[in-house]
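Peer 1: Structure below; questions to follow.
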Amino acid sequence: MILEAKFLGCLLGAAVGDALGANFEGLPRIETGWIEVEGLLRYTDDTEMTIGVAESLIANRGFSGEHMAWTFIKNYDPSRGYGPGPPRVFRWIRSGVSWREAARRLYGGMGSFGNGAAMRIAPVALLYYDDDEKLRETATAVSEITHTHPLGIEGAVLQAYSIAQALKTEPNKLEPTEFVEKLQQFTESPVYLEKLKTMKRLLASEAPRIQVIRELGHSVEAFNSVPTAIYSFLKNHKNFAEAILYAISLGGDTDTIASMTGANAGAHKGVEAIPETWLKNLENRDYIQKLAQKLWEVKREQTLK
């Protein structure tokens, strides 16, 4: 499969998952079959911030913390459903606090371990899918604009690495256990290592949804949502729509978990795997597609140097 189709699949898949999942956010668990879409599929802060990451990476041909922070501020739309942390960070930066310092003020200096960094990290995975060191470095820096707790950062790093592996794996050659083992070798966090160990066991046992929720989680903490999204993808890696529907059926933070699932599934299967009935109603579809194409062009430029 052409890599460009996977770039498109990743960003559009993330946006579709976000927009579909937003309709079910906060429910404990959902019995859902096919989701029919009528009217505009409106995305949330997940996609708005992903767009900001992509815009800044493209404009700078790489990471610029100052530029990315101000891109987030420029794009900020309160109606998108932001959590409490980012708007506070944006206000501090506007008042003159350095982007390097602002997020460190959150939660008594501990920083946030929510999934807000992981949910927007897909463009970093696309640009650095073939360079593990650069991927970790950039995913960490992108996270630190709003999330400075090690568990929030490592969640974003793990999500980025998972997307990179999904991108590099041919659709008919993915083996879930081997995939998880690669993630285990990459992560530096005992908390995520334990979640990945649990993930392997659940994948092998066809665990019921209630067990997945209990053991992997479905809430806003990065360690209770990033592994759940990766699991949703791996359990349904042969079918994009089934992966999204499964992620949503787990309830909880459905927009973010489905978005992170969609980023993985889209990077793996390509844009052709996303149902057109979902894509055609997606808000800003053409612009998101254009960003994916520009990221692809930047990546090609870097590779040819």
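Peer 1: Would the range 177-200 turn up any residue that is of a type outside the set (A, V, I, L, M), touching a residue at least 60 places away in the same chain (Cβ under 8 Å) and farther than 26 Å from Tyr107 by Cα?
Peer 2: Applying the first criterion (of a type outside the set (A, V, I, L, M)) to the range 177-200 yields 177-179, 181-182, 184-190, 192, 194-195, 197-198, 200.
Cutting the leftovers down to touching a residue at least 60 places away in the same chain (Cβ under 8 Å) gives us none.
No, there is no match, as no residue in the range 177-200 is of a type outside the set (A, V, I, L, M), touching a residue at least 60 places away in the same chain (Cβ under 8 Å) and farther than 26 Å from Tyr107 by Cα.
Peer 1: Just a yes or no: is a residue in the range 126-134 outside any helix (DSSP H, G or I) and either surrounded by fewer than 24 Cβ atoms within 10 Å (Cβ to Cβ) or at pLDDT below 95 (or both)? Don't jump to the end; show me each part of the working.
Peer 2: If we filter the range 126-134 for residues that are outside any helix (DSSP H, G or I), which is where we start, we get 128-131.
Retained after the next criterion (residues that are either surrounded by fewer than 24 Cβ atoms within 10 Å (Cβ to Cβ) or at pLDDT below 95 (or both)): 130-131.
Checked the range 126-134: at least one residue is outside any helix (DSSP H, G or I) and either surrounded by fewer than 24 Cβ atoms within 10 Å (Cβ to Cβ) or at pLDDT below 95 (or both).
Peer 1: Can you report the number of residues in the range 83-112 which are assigned to a loop (DSSP other than H, G, I, E, B) and either without any contact (Cβ under 8 Å) to a residue 24 or more places away in the chain or surrounded by 19 or more Cβ atoms within 10 Å (Cβ to Cβ) (or both)?
Peer 2: Of the residues in the range 83-112, the ones assigned to a loop (DSSP other than H, G, I, E, B) are 83-84, 95-98, 110-112.
If we keep only those that are either without any contact (Cβ under 8 Å) to a residue 24 or more places away in the chain or surrounded by 19 or more Cβ atoms within 10 Å (Cβ to Cβ) (or both) as well, we get 84, 95-98, 111-112.
Residues that pass the stated criteria total 7.
Peer 1: Take the residues in the range 257-281 that are of a type in the set (A, V, I, L, M) and over 17 Å from the mean Cα position of the chain (by Cα), then tell me which one is surrounded by the fewest Cβ atoms within 10 Å (Cβ to Cβ).
Peer 2: Our first condition is that a residue be of a type in the set (A, V, I, L, M); within the range 257-281, this holds for 257-258, 260, 263, 265, 267, 271, 273-274, 279.
After this cut, where a residue has to be over 17 Å from the mean Cα position of the chain (by Cα) as well, the list is 273, 279.
Working: Ala273: 20, Leu279: 18.
In this case the residue turns out to be Leu279.
Peer 1: Is it the case, given these coordinates, that Thr254 is without any contact (Cβ under 8 Å) to a residue 60 or more places away in the chain, buried (at least 20 other Cβ atoms within 10 Å of the Cβ) and not small (Gly, Ala, Ser)?
Peer 2: Working: without any contact (Cβ under 8 Å) to a residue 60 or more places away in the chain: no; buried (at least 20 other Cβ atoms within 10 Å of the Cβ): yes; not small (Gly, Ala, Ser): yes.
No: the conditions fail for Thr254.
Peer 1: Give the number of residues within the range 273-282 that are of a type in the set (D, E, K, R) and under 13 Å from Leu11 (Cα atoms). Full working, then the answer.
Peer 2: Looking only at the range 273-282, we keep the residues that are of a type in the set (D, E, K, R), and these are 276, 280.
Now narrow it down to the ones that are under 13 Å from Leu11 (Cα atoms): none.
The total comes to 0.
Peer 1: A follow-up question, please. Among Ala241, Ala247, which is under 17 Å from Phe24 (Cβ atoms), buried (at least 24 other Cβ atoms within 10 Å of the Cβ), within 18 Å of the chain's Cα centre (by Cα) and hydrophobic (A, V, I, L, M, F, W, C)? Give the derivation first.
Peer 2: Working: Ala241 fails: buried (at least 24 other Cβ atoms within 10 Å of the Cβ).
Result of the check over Ala241, Ala247: Ala247.
Peer 1: Then there's this: Can you tell me how many residues in the range 257-290 are among the charged types (D, E, K, R), outside any helix (DSSP H, G or I) and in contact (Cβ under 8 Å) with a residue 60 or more places away in the chain?
Peer 2: The initial filter retains those residues of the range 257-290 that are among the charged types (D, E, K, R), namely 269, 272, 276, 280, 283, 285-286, 290.
With the extra rule that they be outside any helix (DSSP H, G or I), the set shrinks to 280, 283.
The next check asks that each one be in contact (Cβ under 8 Å) with a residue 60 or more places away in the chain; those that pass are 283.
Number of matching residues: 1.
Peer 1: Only one of (1) at pLDDT below 95; (2) hydroxyl-bearing (Ser, Thr, Tyr); (3) farther than 26 Å from Pro208 by Cβ fails for Thr32. Which number is that?
Peer 2: Of (1) at pLDDT below 95; (2) hydroxyl-bearing (Ser, Thr, Tyr); (3) farther than 26 Å from Pro208 by Cβ, only one is false for Thr32: (3).
The values are calculated or read from the model by the stated rules, or taken from the named source; none is laboratory data. Predicted model, so just to flag it, every value in this text is computed and none were measured. Neighbour counts run over all protein chains shown; Cβ positions are idealised from the backbone, glycine included.
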